[in-house]
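Read through the structure below, which is laid out as structure tokens, and then see the notes.
Laboratory data are not the source of any read-out in this text; all were calculated from the coordinates shown. All of these numbers come straight from a predicted model, not from anything done at the bench. Here the Cβ is made from the backbone with ideal geometry for all residues, glycine too, and neighbour counts use every protein chain on show.
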Amino acid sequence: MVGAVGLCSAANAADKPPLAPDAAVPFSTNSRLSASLEFSLPALAEDIERNIPRRLASIDERISCVHRRVLFWKVNANCDVWGYVERSGPVSLYGRGDRVYGSVPIYGALEGQGANRFTARIHGETEASATIEASARPRLDQDWSLDLDFSDGFRWSEPPVLRVMGHEIPLAKYAEPRIRSELGTVRSHALAAARRLDLRDKAAAAWRHAFEPIELSSSPAVWLQMTPQSVSFAGMQASSRTLRGSIELSGTAQTLIGQNPPALTATELPPLAHSVDAPGAFDVILPVRIGYDVLKDRLMQAVAAMPPAAGFAVRDVEIYPSSGKLVVGLRVAGSAETGADAGKWVYLSGAVQADADGRMIRLSGLDVMTTDEGLSGLVNPIAAALGSKFNADYGLAYDNLLSAANARLNRPLNDGFRMEGNLASARLETISLLADGVVIAVRASAELKILYGM
């Protein structure tokens, strides 16, 4: 058996696979992130209110107020009616679902008096209150202009009625045209206040922030470079005190190992694409590296744990990549050979495979790379044992990378923006055999958000 080992010198050199690592390329995937802009509805209400006058309407009308028959005469009397309608409280806004609702209370006071000397003693006065109510469904058009899809109206708590000589004279028809005219002004003020929120400018700021590279991990150095390409409106949501608009940024997310990637110049914010119901998931490829020195240690441990073979032993191992396979070199020597360089090298080649639970890699399909049948017979049992006993755990390295990435993704940005995200839902993407180690690429998903005002 020792002789078989000693006879394989020439075959060993010829059978050694060449060093041929996979090319190191960035890990890229299509991805999406959302940008949410939140605004205070009370602050918006104050802005609208500043432009709504206290007095909404002044009334000064001459009307026909008395139509009576006295004996054989018909009495038709005119009255002068004057008064005002005022805003009696603040503008109130609240939200529910995708709509914003607003209201403002109004109050009217009116007086009427006969318009000639025969009716001068006719006099009456009244007051009434009403509530102006409006609802809006904000949406963004392709050119980023804001449309409120407004509807409004008002309702009287008790309509104004002037009582003269036992007759009731409805006065709502004299006040309502002026109130409706003022509603148009209120609508224009509300739209102007909403447009002062600068949704496009803030969306452009979020767009620029998305281009900034993020160092997901410093040891090892892993960088994320996002390149947005399109933006879609993802709806408005309102609550009792806030209005939140969301957009979806779609493009690529590229992960690089090593140095900080060169800075990308952010493109101009494009027109809005088609609307989406909700922002999609953010996907990123996280590369977990296991160095060949670590794999060599694990290989030595696996060999040491094998039962001793009769007549020979494995004195040293080496491990390196070759054309998509992992090559394991074993220096085997006879038991009687004691020199530091005793023995000959024989090589095994196999694929790297990840376990179903995504925490461990192992070797599969190990083939002995020699034409020497005697040597092959010695090494085949070792190859079979390595296939079942050799493994390397990358779960802890992945957990550490994921934790570091989540810490870096949750961070403040400039101009009142911040980023939030929590990567999870990982699955194996690819395994690459690079020059300095095995890289397990894991796809992680999350809802990554750029937030403003929240």
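Add +1 for every Lys or Arg and -1 for every Asp or Glu among the other residues with Cβ under 12 Å from the Cβ of Asp47, and state the total. Provide the component values of the computation, followed by the final result.
Values: positive: Arg50, Arg195, Arg196; negative: Glu46, Glu49.
Result for the local shell: +1.
Return the Rg/Rh ratio of region 20-59 with Cα-based radii and a Kirkwood Rh. Before the final figure, lay out each step's value.
Working: Rg = 27.1 Å, Rh = 16.4 Å.
That ratio equals 1.65.
Placing a pseudo-label 7 Å from each Cα along the Cα-to-Cβ vector at Ala24 and Leu396 gives an inter-label distance of 2.5 nm. Entry note, the chain: relative contact order of 20 percent, from Cα contacts under 8 Å with a spacing of 6+ residues.
On a 0 to 90 degree scale, rounded to 10, what angle separates helix 373-389 from the longest Cα axis of the chain? Tilt of helix 373-389: around 30 degrees.
Please grab the % of Cα pairs in region 132-254 that end up more than 22 Å from each other.
Working: 4431 of 7503 pairs.
Pairs farther apart than 22 Å: 59 percent.
Annotation for Glu111 and Asp367: the two label points, set 7 Å from Cα along the Cα-Cβ direction, are 10.9 nm apart.
Once backbone amide H atoms are built at 1.01 Å from N, Leu448 has Ser34, Phe282 as its partners under 5 Å, excluding neighbours fewer than 5 places away on the same chain.
Helix 41-50 and the long axis of the chain differ in direction by around 40°, with both axes built from C-alpha atoms.
If neighbour count is taken as other Cβ atoms inside 10 Å, put His274, His123 in order from fewest to most. Show your work: numbers first, answer last.
Numbers: His274 8, His123 13.
Ranked by crowding around the Cβ, least crowded first: His274, His123.
Among all the lysines, which ones have a C-alpha under 21 Å from Lys202's C-alpha, if same-chain residues fewer than 8 places away are not counted? The reachable lysines, counting only those whose Cα sits under 21 Å from Lys202, are Lys449.
Based on alpha-carbon atoms, the Kirkwood radius and the radius of gyration of region 42-195 give Rg/Rh equal to 1.15. Note on Ala204 and Ser218: the model spin-label points, each 7 Å out from Cα along the C-beta direction, lie 3.5 nm apart. Kindly identify the chain as rounded, prolate or oblate by the Cα gyration tensor criterion: order the square roots of the eigenvalues as a ≥ b ≥ c, call it rounded if a/c is under 1.5, otherwise compare a/b with b/c, prolate if a/b is larger, else oblate. The shape class here is prolate.
Taking R0 as 22 Å, what's the FRET efficiency between Glu268 and Arg137 from their Cβ-Cβ distance, rounded to 0.05?
0.20
Computed from phi, the 3J(HN,Hα) profile of region 275-283 under the Karplus parametrisation 6.51, -1.76, 1.60 (θ = phi - 60°) reads 6, 10, 5, 7, x, x, 6, 8, 10 Hz, with x in place of Gly and Pro. Quick check on region 304-454: take the gyration tensor over C-alpha atoms, sort the square-rooted eigenvalues as a ≥ b ≥ c, and tell me if it's rounded (a/c under 1.5), prolate or oblate. Prolate. Enclosing the Cα atoms of region 214-368 in their convex hull gives a volume equal to 219 cubic angstrom per residue. Treating r as the C-beta distance of Ser40 and Met306 and R0 as 60 Å, the FRET efficiency rounds to 0.30.
With a Förster radius of 45 Å applied to the beta-carbon distance between Arg121 and Ser151, the computed FRET efficiency rounds to 0.45.
Here's how it looks for Phe154: its modeled amide H is under 5 Å from those of Glu133, which are all 5 or more places away or on a different chain.
Rounded to whole numbers, the Karplus 3J(HN,Hα) couplings from phi for region 140-147 are 9, 7, 4, 8, 6, 6, 9, 10 Hz, using 6.51 cos²θ - 1.76 cosθ + 1.60 with θ = phi - 60°, and x at Gly and Pro. Once backbone amide H atoms are built at 1.01 Å from N, Trp144 has Leu272 as its partners under 5 Å, excluding neighbours fewer than 5 places away on the same chain.
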